[in-house]
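**Q** The structure follows.
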Amino acid sequence: MQPPFTLKFRDMSADDLRDYRRWFFESMPPRLVELQGAVNSDPNFRTWKPDHSRASIEALGQWLSHQVETRARTAEEIDRIKGSAAFDFSVPAEELTNRTFSLAMDAGMYFGEALRSQYPHLKWDQPLKNKKFADFGQVVLVGFGRASLNPVRILVTYCYGIASGKQIPKRLDEVYGYWSSLAHAVEGAAKAT
């Protein structure tokens, strides 16, 4: 999936940010159908169903861990990353492929929808007040108390972790459990008042 935007959220106009939000929600249903087709095309996951269950998240993490691919970064990419950093650091020589980013976005959409189906008080939002906010302009879930969740960022980070060998496939289920517990606590507090 290639969004029709730069995805440099801080540089996008207000109109582009609104268009991105609309595009995100319009793209979600067909992207989730595509995700199911991709998962089901693997003989080991032929019966996977996007039923919003925790078991579906665990299986999705297992499947996605075998789909993560990287490519070599170009010298220009490395120079651009170093040039935009405030301090000197070693830039990894590998980058996720476009296919991996696309799968991460699809899986992130599903991750968010799975949480929303379990906790109806969760809502999609697009923070636009502070350009210094890490998730400025992106579509996030709110309803976890003071925290917000960017499920696409979570899935991209998961893929980077798999690619580097620092994550295990079960980690996605653990992350889901963490955010689920936050949502449950907020839901419980609201019912108690």
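**Q** Condition check: charged (D, E, K, R), without any contact (Cβ under 8 Å) to a residue 40 or more places away in the chain and surrounded by fewer than 17 Cβ atoms within 10 Å (Cβ to Cβ). Does ARG73 satisfy that?
**A** For ARG73, the condition - charged (D, E, K, R), without any contact (Cβ under 8 Å) to a residue 40 or more places away in the chain and surrounded by fewer than 17 Cβ atoms within 10 Å (Cβ to Cβ) - is met.
**Q** Could I ask something else about it? Output yes when any residue across the range 127-143 is part of a loop (DSSP other than H, G, I, E, B), touching a strand residue (DSSP E or B) at 6+ places or on another chain (Cβ under 7 Å) and over 20 Å from TYR176 (Cα atoms), and no when none is.
**A** Yes, the range 127-143 has at least one match.
**Q** From PHE111, PHE133, which residue is under 19 Å from PHE9 (Cβ atoms) and of a type in the set (Phe, Trp, Tyr)?
**A** That would be PHE133, the only listed residue that is under 19 Å from PHE9 (Cβ atoms) and of a type in the set (Phe, Trp, Tyr).
**Q** Here's something else I'd like to know. Is it the case that GLU76 is at pLDDT below 95 and part of a strand (DSSP E or B)?
**A** no
**Q** Being in a helix (DSSP H, G or I), in contact with a helix residue (DSSP H, G or I) (Cβ under 7 Å, 6 or more places away or on another chain) and either among the charged types (D, E, K, R) or surrounded by fewer than 16 Cβ atoms within 10 Å (Cβ to Cβ) (or both) is the filter here, so list the residues in the range 147-193 that pass it.
**A** ARG171, ASP173
**Q** Out of the range 30-64, which residues are of a type in the set (A, V, I, L, M) and surrounded by 15 or more Cβ atoms within 10 Å (Cβ to Cβ)?
**A** LEU32, LEU35, ALA38, VAL39, ILE57, ALA59, LEU60, LEU64
**Q** Considering the range 19-34 alone, what residues qualify as being more than 14 Å from VAL152 (Cα to Cα) and in contact with an Asp or Glu (Cβ under 7 Å, 6 or more places away or on another chain)?
**A** Within the range 19-34, just GLU34 meets the criteria.
**Q** What number goes with the only condition from (1) on the phi < 0 side of the Ramachandran plot; (2) modelled with pLDDT under 95; (3) not in a helix (DSSP H, G or I) that TYR20 does not pass?
**A** Exception for TYR20: condition (3).
**Q** Go over the candidates GLU58, GLU94 one by one and state the one that is at pLDDT 95 or above and of a type in the set (Asp, Glu).
**A** Of GLU58, GLU94, the one residue that is at pLDDT 95 or above and of a type in the set (Asp, Glu) is GLU58.
**Q** How do the pairs read when you match residues in the range 43-66 that are farther than 13 Å from LEU103 by Cβ and touching a residue at least 12 places away in the same chain (Cβ under 8 Å) with residues anywhere that are among the acidic types (Asp, Glu) and in a loop (DSSP other than H, G, I, E, B), using Cβ under 9 Å and keeping only pairs 6 or more apart or on different chains?
**A** TRP48/ASP42
The values are calculated or read from the model by the stated rules, or taken from the named source; none is laboratory data. Quick caveat: nothing in here was measured; it's all calculated off a predicted structure. Neighbour counts are summed over all protein chains in view; Cβ atoms, including those assigned to glycine, are modelled from backbone coordinates with ideal geometry.
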